[in-house]
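The values are calculated or read from the model by the stated rules, or taken from the named source; none is laboratory data. None of these values were measured; they are calculated from a predicted model. Using ideal geometry, Cβ is built from the backbone for each residue, glycine included, and neighbour counts are taken over all protein chains shown.
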Amino acid sequence: MKGRGLFHAYIAVGSDEAARDAFILKLARSAVCSGDGERPCGVCRQCRLALAGAHPDIIFVERPLDDKGKPKRELPVDSIRKMASSAWVLPQEAEKKVYIIREADLMNVQAQNAALKLLEEPPSFAVFILGTNTAAPLLPTLRSRCESVFVPGERSYEPSPEAERYLLLAGRGDLPGLCAFLTDCERMDSAQVLNMLAQIRRSLVTSLAYGGESFEGSPELAARLLTMAERAEEFLRRNVGVKHVLGWLCVGVDEIQL
């Protein structure tokens, strides 16, 4: 993504939740990035805060919890009104502030109408990203105020016990064990390593987006490992050898100081 040519609102549509969340997070980082050229740059202060899951200008609008601690069935109008009130407050760190509604299709009609009112005359410094597996439940008037982006799903991958092992060792900060494990993985071919990396990346995206128990490490570590997994996949697709890629992963992990 180049320059500052961002729309004020997006609808990210895709049935692959992990791919959709990855796109949303990258778009949010692009909105707050202060680097030049390609965005997100990944190195400016804004990107580092975003990668650590600690950027004050990236706000998630979630369903409220019931008395048992479980998310309610709908995203109510009160949540959107609260977002609308805070949207006019200037950003704390970046030039833009970003509001993310991952489950936009769960907004009830009143909530959608409140969102529509905001998007008709939005603050110039705010970007709104609505995620959904289908745009059908959203009001046509609401959809018309947003730039719709279809996020294609990834091909299915076989379950990878190696990915689970990697995440366990990395999350616990066991660098010697992780390097020994990656050395053992040199027996794998490039397709198997790509499969492992894809599963690692999807698990880390889920951890960054939703939290939970999928990864024991910090959000900052998850974000850095996610970047490494993406780069490792790119290397393999450029026909870099498996041993070289796994060796780079060992060196890279050491550099981010587990």
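A few points about this structure:
Residues checked against (1) among the hydrophobic types (A, V, I, L, M, F, W, C); (2) over 18 Å from Asp105 (Cα atoms):
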site: Phe7; (1), (2): yes, yes
site: Glu17; (1), (2): no, no
site: Phe23; (1), (2): yes, no
site: Cys33; (1), (2): yes, yes
site: Glu38; (1), (2): no, yes
site: Gln46; (1), (2): no, yes
site: Pro56; (1), (2): no, yes
site: Val61; (1), (2): yes, no
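- Scanning the stretch 121-140 for residues that are under 11 Å from Ala84 (Cβ atoms) and more than 22 Å from the chain's Cα centre (by Cα) returns Glu121, Pro122, Pro123.
- Any hit, the stretch 132-143, residues being under 20 Å from Asp21 (Cβ atoms), modelled with pLDDT of 95 or more and not polar (S, T, N, Q): no
- Summed over the stretch 46-68, the residues that are in contact with an Asp or Glu (Cβ under 7 Å, 6 or more places away or on another chain) and without any contact (Cβ under 8 Å) to a residue 12 or more places away in the chain give a count of 0.
- Asp189 vs. criteria of a type outside the set (Gly, Ala, Ser), in the same structural domain as Ala222 (by TED's automatic domain parsing), loosely packed, with under 15 Cβ neighbours inside 10 Å and under 27 Å from Ala54 (Cα atoms): no
- If you go through the stretch 13-45 and keep only what is of a type in the set (S, T, N, Q) and touching an Asp or Glu at 6+ places or on another chain (Cβ under 8 Å), you end up with just Ser34.
- Hey, Cys146 of a type outside the set (Ser, Thr, Tyr), closer than 19 Å to Ala232 by Cα and either in contact with a Lys or Arg (Cβ under 8 Å, 6 or more places away or on another chain) or surrounded by 15 or more Cβ atoms within 10 Å (Cβ to Cβ) (or both) or not: no
- Residues (modelled with pLDDT under 95 and of a type in the set (D, E, K, R)) located in the stretch 46-73: Arg48, Glu62, Arg63, Asp66, Asp67, Lys68, Lys70, Lys72, Arg73
- Residue list for the stretch 144-154, restricted to those being touching a helix residue (DSSP H, G or I) at 6+ places or on another chain (Cβ under 9 Å) and modelled with pLDDT under 90: Val149, Val151, Pro152, Gly153, Glu154
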